[in-house]
Amino acid sequence: MNAAWLPLTTLAVSLVAAGVIFLLPEDARRLRTSINLLAAVSKIILVTLMVGRVSQGFEDTFSFQIVGGVEFVLRADALGVMFAGLSSLLWLCTTIYAIGYLEGAANRKRFFGFFSLCVASTLGIALAGNLFTFLIFYEMLTLSTYPLVVHSGTAKALAAGRVYLRYTLTGGVVLLLGVVLLYSLTGDHSFASERGLSPYLNDHRGLLTLIFALLVGGLAVKAAMVPLHGWLPRAMVAPAPVSALLHAVAVVKAGAFGILRVIYDLYGIELSVALGVTTVLAIAASITIIYGSLRAIAQQELKPRLAFSTISQVSYVILGVSLFGPFGTIGALAHLLHQGLMKVTLFFCAGNYAEELGIHRIDEMDGAGKRMPLTSLAFTVGALGMIGLPPIAGFITKWYLGVGAIQAQRYWVVAVLVASSTLNAIYFLPVLHRLWFREGPAHGKGEWPNEQCLGRMETHGWLLWPAVFTAVVSLGAGLLAGLPFSPLDWATRVAVGEYLP
Amino acid sequence: MITLLLLAALLWPLCVAGSTVWQAYRTPAASRDYFPLLWISASWPALLLAFSGEVQWTIDAWMLGGYWELNTLSRPWLAFTALLWSLAAAHARGYFSAEQRKAQAGDQGAQRRCQRLALLWPLTLLGNVLLIIAQDIASFYLGFALMTFAAYALVLHSGSNEARLGARAYLALAVIGEGLILGGLLWVAGSAETLTLKGVREGIVAADDGALMALLLWLGFGVKAGVIGLHVWLPLAHPVAPAPASAVLSGAMIKAGLLGWINVLPLGVDGLSPALIQLGNIMLVAGLAAAFGAALYGVWQRHPKAVLAYSSISQMGMLTAMVAMGLAAPDVWSLILPGVVLFAAHHALAKGALFLGTSISEHMPRWPQPLLFALIALPGVSLTGALAAGMLSKWSVKSALYEMHHEGLIMLLTWAAIGTSALVSVCVWRQWQQRHSGGSDAFQWGAWLTALIAALVTPIWLPLPVGSVEVPPASEWLSLSWPFPVGVMVVVVGVLIGAGWRRHAVVQTLPAGDLWWLYSDLTLRGLRALRVIARACEKVKMASVTFSLALERTLMGHLKRGLFAEAWMRHHGSGLMMAFAVILALLLMWEGLR
């Protein structure tokens, strides 16, 4: 029984929401909020349904022929549903947060319209069943995030937007080139092809490697791998919910997810190993991890520090994939979810500090723990998770990656992991020290840069609760990782069911 | 029932921590009691649990799969740890009463400090309890990390410059230690595919690089246990922490490093690789070096708690040497293990009593001073092995070593006891010099006296397996107790000579934290070098960016010139067409002529 309507409806929900929001007048705030929340909740319900279907062994597929040989395919397989689940859960949180964040700001219609489009494209990427569909949504994501990045309209934002477009559009062209080459070689571009590309190995080894380089090189722009990461720290001028979404799910993860698809579904892990590309990828990922951490230490402002931390953390996913083994795979897949949860928490908190107290620089954070205890607790959970301390989700992935590296006999990867943990500690612990152990304006020393007093509690409830919720989920994902349907359990299911080499 | 007790042991500290937060928001500052009976009781369920028998629990949903156990090792360990935590908490109520009064009078700084300590104390305890009962890697690592990082607040408590330095040293070393432990555990777990500590022990034996794994783990836990070279945080952190915090740091928490070794190193296993045995020898040398070096350096310290910190390093050095025997001479281990546990338990309580004693000498109750100082010195005397539990613990180690004919080590341990004795006498002497009367309350001296008694009678209450502790025969008493008077004599003679030489004595100003100053200097130099390299890299990067931009500009210039050419062609379109037509016609004509 194929429930073709399921992936289609899930995708349509956010598309329709985007359309309706664009049609509504700018000042219909209440209606827009309801539509946003309704769409987000119904998408979570639909994704939950998909999770149920996938765990029963169904693989719902919707396909539609555009021209001869080129099909538009949406497929709810385990990997895609995993990413869809992450994006729909975090969409709800980010929507709530964004509603609170943009309270009283201008151009909210444009913002929420493109926001929904952005999430629709993320979902499309998750459910895309072939390269053609993937490419459509990948480009749509690029275009729909641009208005969000330049939302504030300042010269700095516009400059950042220009850099963003230069990077991502160029990456998109390279990706397209790879897809076209692949199509000309095989005449097929489905992710779920039975034959795979291994029949071409003997005759077209060089071409296959070239195509791989083009595909992964194009995707690596969005995954912000060094040296293609330049756009990400600049894009920090975007409003906090956008940064949160960019970093946790949408853009960066779309790149990483694309690389997962290419390696697991398009090439197959054995073929990738036979081509020798995984070693190169592992080295590139390791360089990115260390370089991102080092640059993060040098940052004086909170959001750029988090941005470089993202650059470093997303490459864990790539590193896990390139390890060629069940543990590395599980670690990579679980990190896709865990990093999303933790990073979104950190960005929510950074946004809260900026909105409530006007804090942008790290040295302004002294004693903020007293003024905003829940936000600071959430930040602490996120930061400790990033370091990889138990019982937060980050530990679980670091553990699996490390074990995977040992089993793949790549001992230097463990050294990279340990070094990265230490570097993470070096740039996060001082922030925590400032939050909790230094005296600041909350103790009567000096003043906050720009205090607002947005709500009855430490800040506006719509800003506070999403951060607390994602922090609790990241804690729970680590503490109760053994439960069924936890991120780790689902990642194991994906790895064992489909990808075990 | 026992499972309920386990839940209570783990959840009760959390509830206590929660209640301090609740109180901070509900009770007005003027009537807030930061250290009520509820707060003291945080470790009581764990103490009960230790005395309730041997059990195992498996929890699949917990992290990577939870496996907790109360066995012949974890029960006594939990018993002395929880007892020390309970006594230190009771002591803390008295110790902080002055600060609490300040807080109630409206001193914001005091409120902050009390609040922070009251919140993080039970969390540190929770970590310590969890790591003792954990038998799976994830829970163990969780407990260890929680304890390590929550204890930062205990060290930092006073917030003075010295406290900040101590806390920084503590944290820097702790992060390095966590990194080493994580690396070691990952390496073993990856190669042996295991999630339990038992699996780690077996994995190290089976693996080719077992010695390297063991080395990483030894050093990683060695940060906590004060292995020589990694011990520098102890003398910096102990003098600045409040007395009850120093007591648990030195009594319970550095023992967590020791427990870590016993849990992960393949001690007493037959058929160890030569490399592992070699590692055992290295550990043995390092342990003895710490035992003697710390004594030699520590006697010059002025602060009594710094002296005690060096004494802890020295004692842990002896324990390191004993653990090393598990690798270097595996057949001894099963005999020596109960002795090691008893030694650790007795040292925990005795060192706890000594640290609590430093706060007694600073706030002396109205007791006769000779009696008071005799009591303050008593746990130290026991520590040298001259009487009571100290003698029994020394004997249980020595008899095992005698049985296996390791007389050389016994002699060295005995000599090390002279160092212990010297350190203890210096400490008491320093306390005597820096004594202050008044201000002690019943909780303070009550907890101290209880710790002292508990230390002296350790074998009676410690739940060790039956028959593992025996009283030394009378003929051995002298051989066990002679280091004490000798050590005292050494100090007395030293002081007498030193009094004459005082004017020329430079050695008296040896700073606490010895190697730390070297490390921090080296690190600063390294960072400076890194900064120079980073500057150079930045220059290269800027140059390449400028070069690329210039290249782009040149290319764009050429393109634009192309566009100009196009415009020129558009402009002269008709003329060009004419010329083209003429050329075509000429071509045709030429074709026709042939």
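Structure values in brief
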| item | result |
| --- | --- |
| Residues located in the stretch B:118-138, provided they are within 12 Å of chain A (Cβ to nearest Cβ), more than 17 Å from the chain's Cα centre (by Cα) and assigned to a helix (DSSP H, G or I) | B:L119, B:I137, B:A138 |
| Helices (runs of 4 or more DSSP H) (entirely within the stretch A:189-290) containing at least 1 residues that are within 24 Å of A:M342 (Cβ to Cβ) | A:205-222, A:231-234, A:240-248, A:251-260 |
| Tally, over the stretch B:200-240, of residues that are open to solvent by 10 Å² or more (accessible area, probe 1.4 Å), small (G, A, S) and either within 11 Å of chain A (Cβ to nearest Cβ) or without any contact (Cβ under 8 Å) to a residue 12 or more places away in the chain (or both) | 1 |
| Subset of the stretch B:104-119 that is without any contact (Cβ under 8 Å) to a residue 40 or more places away in the chain and closer than 20 Å to A:P373 by Cβ - its residue that is surrounded by the fewest Cβ atoms within 10 Å (Cβ to Cβ) | B:Q108 |
| Residue identified as open to solvent by 50 Å² or more (accessible area, probe 1.4 Å), without any contact (Cβ under 8 Å) to a residue 24 or more places away in the chain and over 30 Å from B:A237 (Cβ atoms) among B:R528, B:R535 | B:R535 |
| Enumeration of residues in the stretch A:410-457 that are among the aromatic types (F, W, Y) and either under 15 Å from A:S309 (Cα atoms) or surrounded by 14 or more Cβ atoms within 10 Å (Cβ to Cβ) (or both) | A:Y411, A:Y427, A:F428, A:W436, A:F437, A:W448 |
| Failed criterion for A:V416 (all others in (1) over 22 Å from A:S474 (Cα atoms); (2) over 24 Å from the mean Cα position of the chain (by Cα); (3) more than 10 Å from chain B (Cβ to nearest Cβ) hold) | (2) |
| Checklist (1) within 14 Å of another protein chain (Cβ to nearest Cβ); (2) closer than 20 Å to B:V469 by Cα; (3) not small (G, A, S) applied to B:M63, failing item | (2) |
| Which numbered condition B:P370 fails, given (1) within 29 Å of the chain's Cα centre (by Cα); (2) part of a helix (DSSP H, G or I) | (1) |
| Matching entry among A:G394, A:G382, A:G440 (being more than 8 Å from every other protein chain (Cβ to nearest Cβ) and at pLDDT 95 or above) | A:G382 |
| Filter result (farther than 20 Å from A:E103 by Cβ and either over 28 Å from the mean Cα position of the chain (by Cα) or small (G, A, S) (or both)) within the stretch A:435-465 | A:W436, A:F437, A:R438, A:E439, A:G440, A:P441, A:A442, A:H443, A:G444, A:K445, A:G446, A:E447 |
| Odd one out for B:R101 among (1) open to solvent by 10 Å² or more (accessible area, probe 1.4 Å); (2) within 10 Å of chain A (Cβ to nearest Cβ) | (2) |
| Conditions (1) open to solvent by 30 Å² or more (accessible area, probe 1.4 Å); (2) not in a helix (DSSP H, G or I): number failed by A:V173 | (2) |
| Odd one out for B:A286, checked against (1) within 20 Å of B:S246 (Cα to Cα); (2) modelled with pLDDT of 95 or more | (1) |
| Scope the stretch A:277-312; condition open to solvent by less than 10 Å² (accessible area, probe 1.4 Å), in contact with a His (Cβ under 8 Å, 6 or more places away or on another chain) and not hydrophobic (A, V, I, L, M, F, W, C); matching residues | A:T288, A:G292, A:T310 |
| Filter result (touching a Leu at 6+ places or on another chain (Cβ under 8 Å) and of a type in the set (A, V, I, L, M, F, W, C)) within the stretch A:282-301 | A:A282, A:A285, A:I289, A:I290, A:L294, A:A296, A:I297 |
| So B:Y141, is it hydroxyl-bearing (S, T, Y) and facing chain A (nearest Cβ under 9 Å) | yes |
| Filtered residues of the stretch A:131-158 (kept if open to solvent by less than 20 Å² (accessible area, probe 1.4 Å) and modelled with pLDDT under 90) | A:L131 |
| Out of B:L284, B:L354, sole residue that is in the same structural domain as B:L456 (by TED's automatic domain parsing), in contact with a helix residue (DSSP H, G or I) (Cβ under 8 Å, 6 or more places away or on another chain) and surrounded by fewer than 24 Cβ atoms within 10 Å (Cβ to Cβ) | B:L284 |
| Matching helices (runs of 4 or more DSSP H) fully within the stretch B:1-92 where at least 1 residues are among the polar types (S, T, N, Q) and either open to solvent by less than 30 Å² (accessible area, probe 1.4 Å) or without any contact (Cβ under 8 Å) to a residue 40 or more places away in the chain (or both) | B:2-26 |
| Per-region count, the stretch B:168-191, residues out of contact with any Gly (no Cβ under 9 Å at 6 or more places or on another chain) and either hydrophobic (A, V, I, L, M, F, W, C) or surrounded by fewer than 22 Cβ atoms within 10 Å (Cβ to Cβ) (or both) | 6 |
| Conditions (1) more than 30 Å from A:P441 (Cβ to Cβ); (2) within 11 Å of another protein chain (Cβ to nearest Cβ); (3) out of contact with any Gly (no Cβ under 7 Å at 6 or more places or on another chain): number failed by B:A89 | (2) |
| Restricting the stretch A:1-52 to residues that are touching a strand residue (DSSP E or B) at 6+ places or on another chain (Cβ under 7 Å) and not in a helix (DSSP H, G or I), the residue that is modelled with the highest pLDDT | A:A4 |
| Hits in the stretch B:361-403 - residues which are farther than 14 Å from B:T458 by Cβ, small (G, A, S) and touching a residue at least 24 places away in the same chain (Cβ under 8 Å) | B:S361, B:A377, B:G380, B:A386, B:S399, B:A400 |
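For every residue, the table says whether it meets (1) within 27 Å of B:L87 (Cβ to Cβ); (2) of a type in the set (S, T, N, Q); (3) open to solvent by 40 Å² or more (accessible area, probe 1.4 Å).
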{"residue": "B:I418", "(1), (2), (3)": "no, no, no"}
{"residue": "B:S421", "(1), (2), (3)": "yes, yes, no"}
{"residue": "B:C427", "(1), (2), (3)": "yes, no, no"}
{"residue": "B:W448", "(1), (2), (3)": "yes, no, no"}
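Results for (1) touching a Ser or Thr at 6+ places or on another chain (Cβ under 8 Å); (2) within 13 Å of another protein chain (Cβ to nearest Cβ), shown as yes or no for each residue.
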{"position": "A:L435", "(1), (2)": "yes, yes"}
{"position": "A:G444", "(1), (2)": "no, yes"}
{"position": "A:E451", "(1), (2)": "no, no"}
{"position": "A:G455", "(1), (2)": "no, no"}
{"position": "A:E458", "(1), (2)": "yes, yes"}
{"position": "A:A477", "(1), (2)": "yes, yes"}
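Residues checked against (1) modelled with pLDDT under 90; (2) crowded, with 22+ Cβ neighbours inside 10 Å:
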{"site": "A:G68", "(1), (2)": "yes, no"}
{"site": "A:L74", "(1), (2)": "no, yes"}
{"site": "A:L92", "(1), (2)": "no, no"}
{"site": "A:A126", "(1), (2)": "no, yes"}
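The values are calculated or read from the model by the stated rules, or taken from the named source; none is laboratory data. Treat the numbers as computed from the prediction; the structure is a model and nothing was measured. Cβ: placed from backbone, ideal geometry, glycine included. Neighbour counts: every protein chain shown. Surface accessibility is based on the protein's heavy atoms, side chains included, excluding ligands, DNA and RNA. Shrake-Rupley method; radii C 1.70, N 1.55, O 1.52, S 1.80 Å.
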